[in-house]
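Report on one structure; see the data block that follows.
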Amino acid sequence: MLKLAVLVSGGGTNLQALIDAVNDGTLARTRIVLVVSSRGDAHALTRAREQDIPVFVAGRAQYPDAAARADAIGGALRGAGADLVVLAGYMSIVPPELTQAFAGRIINIHPSLIPKHCGLGFYGKNVHRAVLDAGETESGATVHFVDEGVDTGPVILQEKVPVLPGDSADSLAARVLVTEHRILVEAVRRFADAERIT
Ligand code: GRF
């Protein structure tokens, strides 16, 4: 059984894609054991609670001290027995204590074709605005390993999405989000398969 911990900050549509895939058997032998949110008002928490998934809120508001916050999150991940940590719309930087403790077992979904339009400040709609401002004819989504950098870890899966004439940041975001959901589920499925082999 692959035990997932999912880190969230907002609406949680990527979390919902994982929940749906577990429930419909696409992610067989996979269980979401914990959802950690950096915000107490994240709708992602409602999605978790609807599935009786344990939740843990650990943002600056709850833990103003960064080291204490890292300890609290690390303790929650270990306590839940997480095998794989998934950043799904998580808007905080993961500190080295955690990227090192979970090296090779922490992945992120980013709404662009890394290494394009990523790094500090490139999150949510900012990414899609940058893609449009750059006059790109295509964008996409990337699942990558999380290392000490921001959006710099090795790419696991990437899928292209067309930029259409007249696209706004919102219309492009909506098109990319569908691809994010699909490749995030596929990336987790590969981990689950790999775990079955080992
Ligand atoms: C989206 O912009 C997505 O590209 C990124 O985080 C944002 C919110 O995702 N991964 P979610 O709906 O909270 O999963």
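The values are calculated or read from the model by the stated rules, or taken from the named source; none is laboratory data. What you see is a predicted model, and the numbers here were worked out from it, not measured in a lab. For neighbour counting, all protein chains shown are included, and Cβ atoms are generated from backbone atoms with ideal geometry for every residue, glycine included. Ligands, DNA and RNA are stripped out before the accessible areas are found, and what is left, the full protein with its side chains, is counted by its heavy atoms. Shrake-Rupley method; radii C 1.70, N 1.55, O 1.52, S 1.80 Å.
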Using the Cα gyration tensor of the chain, with a ≥ b ≥ c the square roots of its eigenvalues, what is the shape: rounded (a/c below 1.5), prolate (a/b larger than b/c) or oblate (neither)?
prolate
Surface per residue (accessible, 1.4 Å probe) for the chain, Å²
46
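I need the shape label for segment 14-83. Rule: rounded when a/c is under 1.5, else prolate if a/b > b/c, else oblate, with a, b, c from the alpha carbon gyration tensor.
On the way: a/c = 3.11, a/b = 1.70, b/c = 1.83.
Oblate, since a/c reaches 1.5 and b/c is not below a/b.
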With a point put 7 Å past each Cα toward its Cβ, work out how far Arg105 is from Glu186 in nm, to one decimal.
2.6
At most 14 other Cβ within 10 Å, DSSP loop - trypsin sites (Lys or Arg not before Pro), segment 1-105
Arg29, Arg60
Probe 1.4 Å - accessible area at Val94, Å² to nearest ten:
20
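Count charges around Thr99 for me, please; just the other residues with Cβ under 9 Å from its Cβ, Lys/Arg as +1, Asp/Glu as -1.
Working: positive: none; negative: Glu97, Asp147, Glu148.
Summing Lys and Arg as +1 and Asp and Glu as -1 gives -3.
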With label points set 7 Å from each Cα along the Cα-to-Cβ direction at Met1 and Thr152, the distance between them in nm comes to 3.7
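Taking 0.36 nm per residue of sequence separation and subtracting the Cα-Cα distance, how much length would be gained by fully extending the chain between Asp52 and Glu159, in nm to one decimal? List each step's numbers first, then the result.
Numbers: separation 107, 0.36 × 107 = 38.52 nm, distance 3.18 nm.
Length difference between fully extended and current span is 35.3 nm.
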